[in-house]
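**Student:** Okay, here's the structure, questions in a sec.
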Amino acid sequence: MERIKQALEKAKVEGGISLGSPPTSMEKAGAAPASAVPETAIKYSQTRVHAVDPNVLRQNRVIYGGADREGMTAYKMLRTQVMQRMASRQWNALAITSPAPGDGKTLTAVNLAISLARELHHTVLLVDMDLRNPSVHKCFGLRPDKGIGDCLLQQATLSDTLVNPGIERLVLLPGRNLMENSSELLASPAMGVLVQELKKRYPSRVVLFDLPPVLAADDALSFAPFVDAFLLVIQDGKTTRTELDRTMEILKDATILGTVLNASDDKISTYY
């Protein structure tokens, strides 16, 4: 644990949060964006609705419902910190990544997206940008027949691809299968057009991008110009200082919104 704290201090990231035990103090309410979503049920006319079995979510450690109160509280704290920092800069596009595979970035992205969608101020779009290993759909037990790769190759439209998993105010843009030329696709003009469409179609939308690990390929770096900031997921007892130092060096020109310390026994804490 101490080596992670020291590495974070050296990296001088803006802030971080541990997803260990829940905080003892009440979280502060996040600021609502100027253009808020009405407090009425959303009816999806163009987006397919595929209600997910709650048992599947529990098996995949997705926090939805009241069973895991400690986990819900931790993600509420993360949600509030993320939204306060993004709202203060009028940002709406956040990339979630990690130094190496197995640090928990995809599960963090999924649980953060669900927690954000619980707020009535905005809608949330979770995009699977891990074109080498798309797995967001697996967390929900989905088997999409169209994915973001099909959109980029102009073999499908967004309407063909978007899915609501039965959770209000949350929409998924899943991946489907491995794409070998992932970094080239992530940096392509077609990707730029697609991302602008995702970011600007709805002013009250928060867009989360689940990216590949930074040290696994150049994908995260290639995609950096399209997002406002990065949220970095590291795992206590797994992520090494060398991995974190290399990751921060690669992302030195990007904005790091904060860090999530995953699988920690510590209470919620912030690193500066």
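**Student:** Specify which of the listed residues (Pro99, Pro165) is under 28 Å from Thr259 (Cα atoms), surrounded by 20 or more Cβ atoms within 10 Å (Cβ to Cβ), touching a Lys or Arg at 6+ places or on another chain (Cβ under 8 Å) and not hydrophobic (A, V, I, L, M, F, W, C).
**Tutor:** Pro99
**Student:** Which one of these is surrounded by 16 or more Cβ atoms within 10 Å (Cβ to Cβ) and touching an Asp or Glu at 6+ places or on another chain (Cβ under 8 Å): Asp210, Asp228?
**Tutor:** Criteria check complete, one pass: Asp210.
**Student:** Continuing with this model, one more query. Inspect all residues belonging to the stretch 203-223 and state whether any of them is over 18 Å from Arg132 (Cβ atoms) and in a loop (DSSP other than H, G, I, E, B).
**Tutor:** yes
**Student:** Further, regarding this structure: In this structure, is Thr255 at pLDDT 85 or above, of a type in the set (S, T, N, Q) and out of contact with any Pro (no Cβ under 9 Å at 6 or more places or on another chain)?
**Tutor:** yes
**Student:** Then there is this: Would it be correct to say that Ser135 is closer than 19 Å to Gln59 by Cβ and either without any contact (Cβ under 8 Å) to a residue 12 or more places away in the chain or hydroxyl-bearing (Ser, Thr, Tyr) (or both)?
**Tutor:** So Ser135 passes the test.
**Student:** Only one of Ser188, Ser204, Ser269, Ser183 is under 21 Å from Lys146 (Cα atoms), modelled with pLDDT under 90 and either acidic (Asp, Glu) or surrounded by fewer than 18 Cβ atoms within 10 Å (Cβ to Cβ) (or both). Can you tell me which?
**Tutor:** Ser188
**Student:** Looking at the stretch 80-93, which of its residues are surrounded by fewer than 24 Cβ atoms within 10 Å (Cβ to Cβ) and either out of contact with any helix residue (DSSP H, G or I) (no Cβ under 7 Å at 6 or more places or on another chain) or aliphatic (A, V, I, L, M) (or both)?
**Tutor:** Thr80, Gln81, Met83, Gln84, Arg85, Met86, Ala87, Ser88, Arg89, Gln90, Trp91, Ala93 - these are the residues of the stretch 80-93 that are surrounded by fewer than 24 Cβ atoms within 10 Å (Cβ to Cβ) and either out of contact with any helix residue (DSSP H, G or I) (no Cβ under 7 Å at 6 or more places or on another chain) or aliphatic (A, V, I, L, M) (or both).
**Student:** For the structure I just gave you, tell me whether Glu119 is over 15 Å from the mean Cα position of the chain (by Cα), surrounded by fewer than 17 Cβ atoms within 10 Å (Cβ to Cβ) and on the phi < 0 side of the Ramachandran plot.
**Tutor:** no
The values are calculated or read from the model by the stated rules, or taken from the named source; none is laboratory data. Remember, predicted model here, so these are calculated numbers, not experimental data. Neighbour counts are summed over all protein chains in view; Cβ atoms, including those assigned to glycine, are modelled from backbone coordinates with ideal geometry.
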